[in-house]
1. Somewhere in region 27-48, is a residue more than 20 Å from the chain's Cα centre (by Cα), modelled with pLDDT of 90 or more and of a type in the set (A, V, I, L, M)?
2. Collect the residues in region 8-22 that are buried (at least 16 other Cβ atoms within 10 Å of the Cβ) and farther than 24 Å from P109 by Cα, keeping them in residue-number order.
3. Scan region 98-118 residue by residue and report those that are closer than 27 Å to H36 by Cβ and aromatic (F, W, Y).
4. Would you check if there is a residue in region 120-129 being farther than 29 Å from R25 by Cα, more than 12 Å from the chain's Cα centre (by Cα) and at pLDDT 95 or above?
5. Would you confirm whether any residue within region 103-110 is under 13 Å from I11 (Cα atoms), surrounded by 11 or more Cβ atoms within 10 Å (Cβ to Cβ), touching a strand residue (DSSP E or B) at 6+ places or on another chain (Cβ under 8 Å) and not β-branched (V, I, T)?
6. Return the residue satisfying two criteria in turn: it lies in region 23-53 and is crowded, with 17+ Cβ neighbours inside 10 Å and without any contact (Cβ under 8 Å) to a residue 40 or more places away in the chain, and of such residues it is farthest from G87 (Cα to Cα).
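The values are calculated or read from the model by the stated rules, or taken from the named source; none is laboratory data. This structure is a prediction, so every number in the text was calculated from the model and none was measured. Backbone-built Cβ (ideal geometry, glycine too); neighbour counts: all protein chains shown.
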Amino acid sequence: MSELKSGATYIEFDATGQPSLRGSRCRQCSTVFVGHRDHCGRCGARSSMESITLASRGRLHSYTIVYRSYPGIKVPFVSAIVDLEGGGTLKGNLLDIEPAPEAIRFGLPVRIEFRDAGFANAEASGHVVHVFVPDTEAA
């Protein structure tokens, strides 16, 4: 994946080209945020944030099934909000599941995968994005 570009500021590549999600943890209150932060949005501590690698698993907190979108975006798709293990909340698309309410349940264990964004829009090809997929090992 090293030839791919990051589709978000919080996706970083290691020396081998493998992507991961980066976040910040407050040294004062231990709250975790997605992406880089200088100050804590929970307790207000200044310059107390440390950079961390976010978990690659979590649980579905909320979702919506999108039936209409911009031209070129394949619909329907599931837009999801996931609470990550160890802290942090992240929005993304839930793939590899039928986009129907009877197929999706709150609290569903998911894992993060990184894919070329061309799956959603051909013009985005060449950029890596995070997606959620059901975590069958945790279910």
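1. Among the residues of region 27-48, at least one is more than 20 Å from the chain's Cα centre (by Cα), modelled with pLDDT of 90 or more and of a type in the set (A, V, I, L, M), which makes the answer yes.
2. F13 - this is the single residue of region 8-22 that is buried (at least 16 other Cβ atoms within 10 Å of the Cβ) and farther than 24 Å from P109 by Cα.
3. F114
4. First pass over region 120-129, keeping only residues farther than 29 Å from R25 by Cα: 120-126.
Restricting the remaining residues to those that are more than 12 Å from the chain's Cα centre (by Cα) gives 120-126.
With at pLDDT 95 or above added as a condition, the list becomes none.
Within region 120-129, none of the residues are farther than 29 Å from R25 by Cα, more than 12 Å from the chain's Cα centre (by Cα) and at pLDDT 95 or above.
5. no
6. S48
The rows are residues; the columns are (1) under 28 Å from R37 (Cβ atoms); (2) surrounded by 19 or more Cβ atoms within 10 Å (Cβ to Cβ).
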position: H61; (1), (2): yes, no
position: V82; (1), (2): yes, yes
position: K91; (1), (2): yes, no
position: D96; (1), (2): no, no
